[in-house]
Amino acid sequence: MNYQRFFEEAIDQVHAERRYRVFADLERIVGKFPRAIWRANGRAQEITVWCSNDYLGMGQHPDVVAAMQQAAGNMGTGAGGTRNISGNNHPLVELELELADLHGKEAGLVFTSGFVSNEAAISTIGKLLPNCLILSDELNHASMIEGVRRSGAEKKVFRHNDVAHLESLLQAAGRERAKVIVFESVYSMDGDIAPIKEIADLAEKYNAMTYIDEVHAVGMYGGRGGGITEREGLAHRIDIIEGTLAKAFGTLGGYITGTRTVIDAVRSYAPGFIFTTALPPSIAAAATASIRHLKNSQAERDAQQRQATHTKHVLAEAGLPVMESETHIVPILVGDPELCKMASDRLLGVHGIYIQPINYPTVPRGTERLRVTPTPFHDDALIATLKEALVETWNALGIPYRTPGHSEVAKSERIIPLLVPQSGG
């Protein structure tokens, strides 16, 4: 049997669907973010990154870098094992206390990534609750979907942010059955926000647990960076708050927070936690430094919100199809996978601007897009350069602009101003 043929055919299929992805060879430059060195075809070129999830540039913050360097110098590079063996380092313990405090919860538990935290926590909770029904938003992240699948529990998918549909499913299940509602606060591809209060109301009415993914909101919203739940004063009404250390906090890892009992149960039963080497102390120390800084500094959030709003307005005024977004996410509709890849390639090769194309299966077919994430370090001059590069690219490739009556960009015509986070919870 020619085993390689099956893998070749699988890759050929990805190519045929115009969704084959090529990784850019990038080297970030501390002190020059969002500039980076791009290496290709034997040469190196300095370019501007416009699609980083390091939303606040904390990955280059002097306090964060210093904390990582000091911990590595004192404790070495690796954790030395799983948490059950010898990997339960002191910086990791401190980090979990910091995370519990961030969300006003009794305890926290850190995983090696946000994907692992969702998959491990949701699957474990679903297995431990008898005859559990998991109700999942249809646009939930792949990690949440995988957690639901691995739980073995019955699932019901409710229409995106549709509380009426969710209520009908809860009502049919009855108050006595174990139920968990899993959803996100900020949906990263469209930049919209869940109706958290309404979902919490339904959870109380129908006796369900709530599990929220705040990965694109932690550090970004709320008076201390606790996310949308903090900004809206709702953290205490959500049973489990999950987040990441790899986006606004600028490091690596995922986590959950909740009651001591729930966290202890996941810690004791989740294979994705038990059998995985712990985060190195240097990463834990860096994450703690980042969280502590953002708990006490609003400057980064304010600057990021200002630049994201300015980016939306500048691109929209140029007629570019900026899709509706309530948050810091700025999606620009292309609507065709091949054009989306060509636009990304042209922006990088001609203009020195890196924006990764977002194609199926990350987004539905026909909604392919470029996803721009302005940071406090994308100044007005960089925004003006981005606009000019996008306009040139749109013209060169014949990509449709935002025009009245164009059905494919109907949603993108409703440009909503960015929500500015409140100063308190």
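Summary table below
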quantity	calculated
Inter-centroid distance (Cα atoms) of the stretch 213-270 relative to the stretch 8-23, Å	35
Table column - 3J(HN,Hα) (Hz), the stretch 263-269, Karplus curve with 6.51, -1.76, 1.60, x for Gly and Pro	4, 5, 5, 5, 4, 7, 10
Percentage relative contact order, the chain, counting C-alpha pairs under 8 Å, at least six apart	20
Residue of 234, 333, 252 that the Gaussian network model of the chain assigns the largest fluctuation, springs spanning Cα pairs under 10 Å	234
Computed P(r) (all Cα pairs; the stretch 1-111; 5 Å bins; percent)	2, 8, 10, 11, 12, 13, 13, 12, 11, 6, 1, 0
Net +/- balance of residues flanking residue 290 in space, Cβ distance below 12 Å, scoring K and R +1, D and E -1	-1
Rounded to the nearest 10 Å², the accessible area of residue 167 at probe 1.4 Å	50
Å² of accessible area per residue within the chain, as computed with a 1.4 Å probe and no ligands counted	43
Full-extension gain in nm, residue 313 to residue 1, via 0.36 nm per residue minus C-alpha separation	106.6 nm
10 Å beta-carbon shell around residue 318, net charge (K/R +1, D/E -1)	0
Area accessible to solvent at residue 39, 1.4 Å probe radius, in Å²	100
Whole-percent carbon and sulfur share, accessible surface of the chain, 1.4 Å	53
With all protein chains modelled, accessible area of residue 113 [1.4 Å, Å²]	30
Heavy-atom SASA rank of 22, 334, 14 (probe 1.4 Å, accessible area, largest first)	22, 14, 334
Distance in nm between pseudo-label sites at residue 32 and residue 326 (7 Å out along the Cβ direction from Cα)	3.9
Cα-centred dipole magnitude for the chain, charges only on beta-carbon of K, R (+1) and D, E (-1), debye, nearest 20	420
Length-normalised contact order for the stretch 1-124 - Cα pairs under 8 Å, 6+ apart - percent	9
Where labels lie 7 Å past Cα in the beta-carbon direction, separation of residue 365 and residue 299 in nm	5.0
Karplus 3J(HN,Hα) series, Hz, for the stretch 205-216 with 6.51 cos²θ - 1.76 cosθ + 1.60 (x for Gly, Pro)	5, 10, 6, 10, 7, 10, 9, 10, 9, 10, 4, 8
Solvent exposure, largest accessible area first (probe 1.4 Å, DNA, RNA and ligands not counted), of 336, 63, 190, 137	63, 336, 190, 137
Separation of alpha-carbon centers, the stretch 104-140 and the stretch 313-379, rounded to whole Å	31
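The values are calculated or read from the model by the stated rules, or taken from the named source; none is laboratory data. Remember, it's a predicted structure, so these values are computed and weren't measured experimentally. Heads up, the Cβs are rebuilt from the backbone with ideal geometry, glycines too, and the neighbour counts pull from every protein chain shown. Keep in mind that these areas ignore ligands, DNA and RNA; they rest on the heavy atoms of the full protein, side chains included. Shrake-Rupley method; radii C 1.70, N 1.55, O 1.52, S 1.80 Å.
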